[in-house]
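Asker: A single structure is presented below for examination.
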Amino acid sequence: MASSASVSGRGGGLLSPAAVLLALAVAQALGAPAAPCVPRVFSFGDSLADTGNFPFLYGNDSREPALRTPYGETFFRRATGRFSDGRLIVDFIADTMGLPFVRPYLSGRTAEDFASGANFAVGGAMALAPDFFRGRGVPMGDRMHLGVEMKWFHDLLDLLCPADRADCTGMMNQSLFLVGEIGGNDYNIPLLSRVPFEKIRTFTPSVVAKISSTVTELIGLGAKTLVVPGNLPIGCVPNYLMIFKSDKKEDYDPETGCLRWMNEFSKYHNRLLIDELEKLRNLHPGVSIIYADYYGAAMEIYRSPEQFGIDHPLAACCGGGGPYGVSMTARCGYGEYKVCDDPQKYGSWDGFHPSEAAYKGIAIGLLRGTYTQPSICTTISSCPQLTELGSSVEYKNCSTVVHLTVVAQVIGWLLFFLHFL
């Protein structure tokens, strides 16, 4: 009697065992992608990590250019709420881990919507609540902050594990948590309000303490693997290069053209954060707390932009023109702005946020382990995708076309051989 695995061939006959094995092998090779390295990714932060919560909060605000094109034009071909022309670091991380892009929390309704995790980041969010700044004489309207994002996370846990929070322990243990980038706006808003820099510097211990308390809270809920990014080199941000332009040559890094004093401040924040994370590691030896060196990864781009295919590392693709691609009278999506022909050649998208090309370069540095401490490659050791970055961070739309072409060819060959077996 024929095996149930046999397959009918030409003329109604049965294929040979060799043909069946060949068919199964090809089907397996071209079938579903590799299992995800982690079951879920949960992300917190600001506009550097927001994958689409912003439109749900501010969708009716016509003054917000990020809610419409040209934002999103490079990859998504539409505005998604991301503050860039395409994908963000969190997108590349999720993709490399074998997961879909992380769903914005405000876009989901059911537990099934969050099967691969959730993103709580919101453009404009701060680490500290506005009251902190008001109490120190800094004008501050109502803004999103880490406390609200953590409240959303608790609400999600109630949705995922309605009977008992303990039911979520296994999920928490296995998930990857990205706590940031966050804290940049705690400095950006006072800087743009012309708060004295010496005063802004005094905020840093409180900002780092808030990040630390958030990490501690997540660990208390069961998190075992957390990535905590530092700040980017803000002295390389086009808008700051314009606003704080100096006639003093010594104010600039001769290698990159970035403002020294602003980058020194970023390094100060990062040193305090690194020291705090080391304290947390000592308190929680069974937890992997990974520092993501956004500063170091980004400086690679500013020092050697040609290695990333970038011609204008300190200029914005979308903005008001000028040496840094920005001006005081126009900004991306607002006023008489200009958009470059090829965003991939620029380090900045809109003068404040990196381009997809820059985000990609930073993500590669992190995922290869060069700019994560301890290395994310050794921490998530069961992830073969981390050793295949050359293909996993390329454009999905291009790779999909190539993949489908190969699939069609192999299926054609398979049918040809099966015809004669």
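The values are calculated or read from the model by the stated rules, or taken from the named source; none is laboratory data. All of these numbers come straight from a predicted model, not from anything done at the bench. Here the Cβ positions follow ideal geometry from the backbone for every residue, glycine too, while neighbour counts run over all protein chains shown. For accessibility, only protein heavy atoms count, side chains too; no ligands or nucleic acids. Shrake-Rupley method; radii C 1.70, N 1.55, O 1.52, S 1.80 Å.
Asker: Would you please report the Å³ per residue occupied by the convex hull of the alpha carbon atoms in the stretch 267-387?
Answerer: Considering the Cα atoms of the stretch 267-387, their hull volume per residue is 132 Å³.
Asker: Follow-up. Using amide H atoms built 1.01 Å from N in the peptide plane, name the residues 5+ places from residue 349, or on other chains, whose amide H lies under 5 Å from its own.
Answerer: 317, 355
Asker: Expressed as a rounded percentage, what relative contact order does the stretch 247-340 have, with Cα pairs under 8 Å and six or more residues apart?
Answerer: 15
Asker: What is the Cα coordinate range of the stretch 91-228 on the first, second and third principal axes, sorted by size from largest, in whole angstrom?
Answerer: 47, 30, 25
Asker: Still on this model: If you count only protein heavy atoms with a 1.4 Å probe, what accessible area per residue comes out for the stretch 43-87, rounded to a whole Å²?
Answerer: Here the per-residue accessible area is 38 Å².
Asker: Under a point-charge model restricted to the Cβ atoms of Lys and Arg (+1) and Asp and Glu (-1), what is the dipole moment magnitude of the stretch 183-281 relative to its Cα centre, in debye to the nearest 20?
Answerer: For this selection, approximately 140 debye.
Asker: Among the lysines, which fall within straight-line cross-link reach of residue 360, defined as a Cα-Cα distance under 20 Å, with same-chain neighbours fewer than 8 residues apart omitted?
Answerer: Filter leaves 345, 396.
Asker: Run down the lysines and flag those whose C-alpha is under 23 Å from the C-alpha of residue 224, throwing out any fewer than 8 positions away in its chain.
Answerer: 151, 210, 279
Asker: Still on this structure: If I take all pairs of Cα atoms in the stretch 173-270, what percentage of them are more than 20 Å from each other?
Answerer: Tail of P(r) above 20 Å: 46 percent of Cα pairs.
Asker: Under a Cβ-only charge scheme (Lys and Arg +1, Asp and Glu -1), can you give me the dipole magnitude of the stretch 241-337 about the Cα centre, in debye to the nearest 20?
Answerer: With Lys and Arg at +1 and Asp and Glu at -1, about 220 debye.
Asker: Loop only per DSSP, at most 15 neighbouring Cβ atoms within 10 Å: give me the trypsin sites (Lys or Arg not before Pro) in the stretch 319-392, ordered by residue number.
Answerer: Sites meeting the loop and neighbour criteria: none at all.
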